[in-house]
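Remarks on the structure that follows.
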Amino acid sequence: EAGVAQSPRYKIIEKRQSVAFWCNPISGHATLYWYQQILGQGPKLLIQFQNNGVVDDSQLPKDRFSAERLKGVDSTLKIQPAKLEDSAVYLCASSPMGGANEKLFFGSGTQLSVL
Amino acid sequence: GDSVTQMEGPVTLSEEAFLTINCTYTATGYPSLFWYVQYPGEGLQLLLKATKADDKGSNKGFEATYRKETTSFHLEKGSVQVSDSAVYFCALTGTASKLTFGTGTRLQVTL
């Protein structure tokens, strides 16, 4: 079974530039999540999709972050403009239905460095 | 809101030593509790879970028991191996079904 695919693996940009991350979840998984993991901290949920609808984006800084999952399959997370404090690993995860007891399957993440 | 507190690392043990990583939580209602593990260079993966009080989750020799009276879910293993070196995250899903993580505990096992 193919896992959650993310790209790029690493990205280095300067502050005020824009950046985009891509995620392809496990085939058939309805729920897709984007997490931000700052060094030394646990992952923090940014946004959760159920198919192509947003379930929770309460912790997404909407003035600079945006995400879409137009066809209910793969997803893109964008930051524009980036700030120094956005340096983190961005993790994508998916699960079959989004239930509270479900196992989440994580990708390897995109490590972003903002200089 | 929901929160998870883990013991700070790093934890350094010799092979075959006993492991305990403490985890306590704050949540309303009856959360489900999880341990995720991140091996070097790999993505997070579920290690074990428990969905109700007094349940014991187990996998790969690791165990954790859901203790509602102490709001804890401590991770234990009787004999660690070098291959267990990783970062371990305690997590919960509360009433909002959102997975909330602790800060992680790095385990280093030496020969």
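A:Lys11: away from chain B (no Cβ under 12 Å), surrounded by 14 or more Cβ atoms within 10 Å (Cβ to Cβ), modelled with pLDDT of 95 or more and more than 11 Å from the chain's Cα centre (by Cα), yes or no?
Spelling it out, A:Lys11 is indeed away from chain B (no Cβ under 12 Å), surrounded by 14 or more Cβ atoms within 10 Å (Cβ to Cβ), modelled with pLDDT of 95 or more and more than 11 Å from the chain's Cα centre (by Cα).
Which one is surrounded by the most Cβ atoms within 10 Å (Cβ to Cβ) among residues in the stretch A:14-33 that are among the hydrophobic types (A, V, I, L, M, F, W, C) and in a strand (DSSP E or B)?
Filtering the stretch A:14-33 for residues that are among the hydrophobic types (A, V, I, L, M, F, W, C) and in a strand (DSSP E or B), the one surrounded by the most Cβ atoms within 10 Å (Cβ to Cβ) comes out as A:Leu32.
Say we look at the stretch A:68-93 and pick out the residues that are more than 18 Å from A:Ile38 (Cβ to Cβ) and in contact with a Ser or Thr (Cβ under 7 Å, 6 or more places away or on another chain); which of these is nearest to the other protein chains (Cβ to nearest Cβ)?
Restricting to residues being more than 18 Å from A:Ile38 (Cβ to Cβ) and in contact with a Ser or Thr (Cβ under 7 Å, 6 or more places away or on another chain), the top hit is A:Arg69.
Check B:Phe34 against each of (1) outside any loop (DSSP other than H, G, I, E, B); (2) closer than 16 Å to B:Asp84 by Cβ; (3) out of contact with any Ser or Thr (no Cβ under 7 Å at 6 or more places or on another chain) and name the one condition it does not meet.
Tallying (1) outside any loop (DSSP other than H, G, I, E, B); (2) closer than 16 Å to B:Asp84 by Cβ; (3) out of contact with any Ser or Thr (no Cβ under 7 Å at 6 or more places or on another chain), B:Phe34 fails exactly one: (2).
For the stretch B:68-91, which positions are out of contact with any Ser or Thr (no Cβ under 9 Å at 6 or more places or on another chain) and in a strand (DSSP E or B)?
Passing the criteria: only B:Ala86.
Kindly provide the set of residues from the stretch A:14-53 that are under 11 Å from the mean Cα position of the chain (by Cα) and among the small types (Gly, Ala, Ser), ordered by number.
Within the stretch A:14-53, just A:Ala20 meets the criteria.
Would you be able to tell me the number of residues in the stretch A:34-84 that are within 17 Å of A:Lys11 (Cα to Cα) and either assigned to a loop (DSSP other than H, G, I, E, B) or of a type in the set (Lys, Arg) (or both)?
7
The values are calculated or read from the model by the stated rules, or taken from the named source; none is laboratory data. Keep in mind that what you see is a predicted model, and the values were worked out from it rather than measured. Note that each Cβ is placed from the backbone with ideal geometry, even for glycine, and that neighbours are counted across all protein chains shown.
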